[in-house]
Structure formats: structure tokens, C-alpha cells
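The values are calculated or read from the model by the stated rules, or taken from the named source; none is laboratory data. Source: prediction; values computed, not measured. Here the Cβ is made from the backbone with ideal geometry for all residues, glycine too, and neighbour counts use every protein chain on show.
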Amino acid sequence: MSNYPTIPLQQYREYPLVEMRQRLNDFYEDINRRRTVRDFSDRPVPRDLIETALKAANTAPSGANLQPWHFAVVSGPKTKRKIREAAEVEEREFYEHRASDEWLSALAPLGTDEHKPFLETAPYLIAVFLQKFGELEDGRKVKHYYPAESTGLATGILITALHQAGLATLTHTPSPMKFLNEILGRPKSERPFLLLVTGYPDESARVPDIQRKPLEEFASFIED
Ligand code: IYR
């Protein structure tokens, strides 16, 4: 087996069954209040909240524990404007030409269009990058395994952590979003994964009246 050093699993906590149910129900009720928000307030958010949420995200499991992600956190108005301008160019192209009618009708209930004012209004844009390779100090490349799965998991924890703090998020995926590498000075070995917009929701924020599927529709239990 491995000859890596190991330590006892001291952090693990077992709870009595009633407590397990209580904790899980509380968590479910809380996460079930999460809604993707598109109307953000410009109220500032202290940076330490973002830092702690990122540290939570970085606990995600990853292929061979190589942590194949990078989070570029943007709060500066100049950079936010550049990102908004570049994203709106791609979005205009998407809504006017690239998207199929089928795609546009799937998006219709969300009421989205090519205007992305939240990219300037929200206090933080977190650009999530997936690293296909890591780089050692001497410049040698290290292959990463399951970078998409790993980065998706880390992003899920990030969204959950920000929600836990009382911040709203929007998972925004302008496509293509190579412009993020240029604007944010990220290397070619990193693929922009998504842009997470976060902050307080605007007081007038509204969300589409959409439902989550019932358990029977999205899970199956095989018990024999
Ligand atoms: N990227 C576009 C379109 C869009 C696509 C999907 I799939 C969505 O769930 C929402 C939007 C935009 O941000 O408007």
C-alpha cells in the first residue's frame, strides 16, 4: 500500500440518529432557500467572507488531491467593466445567432438577455478556472485528473458557503469565455469554468417561479 504518512481521523464526528436527522433537515431547509439571483445590490461585502468561502471551496475532493482549480476574485470597477463589455459581446452573439430556437425557448422562463449589468453592480465576480495541468516550481508540468469534476465540486461548495453566509450568487457562463484568461492574466493551461457573481441581492430582486423536481424523479434506490 501507500508509504505516505497518515494521521488518525480525528476530525470526524458521529451524531446520534435524531441529531443526524435534525442537522440534515436544517441543512436541506436552508439550502432549499438558495435561488440564483440576477439583480444585485452594490452594497460592499467584506473580503474576509469571500476568503473563507474560498477556503471552504478548496476543501472539495479532487483527482489525486491535485486541487486543479484557480479562483480569480474581481472587485475592481475597471476590471468588472472590461468583463461586462467582453461578456456582452459574446452574449449578443449568442442571443442573436448562436443559440438554437430550442435553447432560447428553454431559457425563456428565466427572462435572460444579452444585458449583464450585474457584472458591474455586484461587489464580487469570482472567475473559476479549471487547470488541466499544474506547474512545478521548476516549470515542469503535472497532469491533473478529473479537473472538470473536481472544479465542479469545488464550485458547488463555494456556492453553498456563500449562501451559508447570506450572500446570493449567479452562476454565469458567457460562452465562449476565453476573454477571462486575457483580462485576468491567467495562463493557457487554465480553462475558464464559470463566472460566479456574488453579493447582496437588490431589494427589488425577483426570481422566476420555477420548481425543483421531486425526489422520485431524480433519484432511484436499488435495494436488492
Ligand atoms: N449564457 C447566457 C445564456 C444562458 C444559458 C443558460 I444554459 C442559462 O441557464 C442561463 C443563461 C446568459 O447568461 O444569458
If you check every pair at least six apart or on different chains, which have Cβ atoms under 9 Å apart with a residue in the range 3-16 that is in a loop (DSSP other than H, G, I, E, B) first and a residue that is modelled with pLDDT of 95 or more and surrounded by 10 or more Cβ atoms within 10 Å (Cβ to Cβ) second? GLU14/MET20; TYR15/GLN22; TYR15/ARG23
Go through (1) free of Cβ contacts under 8 Å to residues at least 60 places away in the same chain; (2) surrounded by fewer than 11 Cβ atoms within 10 Å (Cβ to Cβ) for ASN32 and report which single condition fails. (1)
Just wondering, is there one or more residues in the range 42-50 that are of a type outside the set (D, E, K, R), touching a residue at least 40 places away in the same chain (Cβ under 8 Å) and touching a strand residue (DSSP E or B) at 6+ places or on another chain (Cβ under 8 Å)? yes
For the range 100-138, how many residues meet the condition of being loosely packed, with under 15 Cβ neighbours inside 10 Å, among the hydrophobic types (A, V, I, L, M, F, W, C) and more than 15 Å from the ligand (Cβ to nearest atom)? 1
Sole exception among (1) touching a strand residue (DSSP E or B) at 6+ places or on another chain (Cβ under 6 Å); (2) farther than 18 Å from GLU190 by Cβ for VAL73, by number: (2)
Residues satisfying the stated conditions in the range 108-136, i.e. outside any loop (DSSP other than H, G, I, E, B) and of a type in the set (Val, Ile, Thr): THR121, ILE126, VAL128
Please work out which residue is farthest from GLN67 (Cα to Cα), limiting yourself to the range 139-177 and to residues that are surrounded by 14 or more Cβ atoms within 10 Å (Cβ to Cβ), among the hydroxyl-bearing types (Ser, Thr, Tyr) and more than 16 Å from the ligand (Cβ to nearest atom). THR160
Name the pairs: first residue in the range 160-176 and within 13 Å of ARG33 (Cα to Cα), second residue within 16 Å of the ligand (Cβ to nearest atom) and among the aliphatic types (A, V, I, L, M), Cβ to Cβ under 6 Å, at least 6 apart or on different chains? ALA168/VAL37; THR169/ILE159; THR169/LEU196
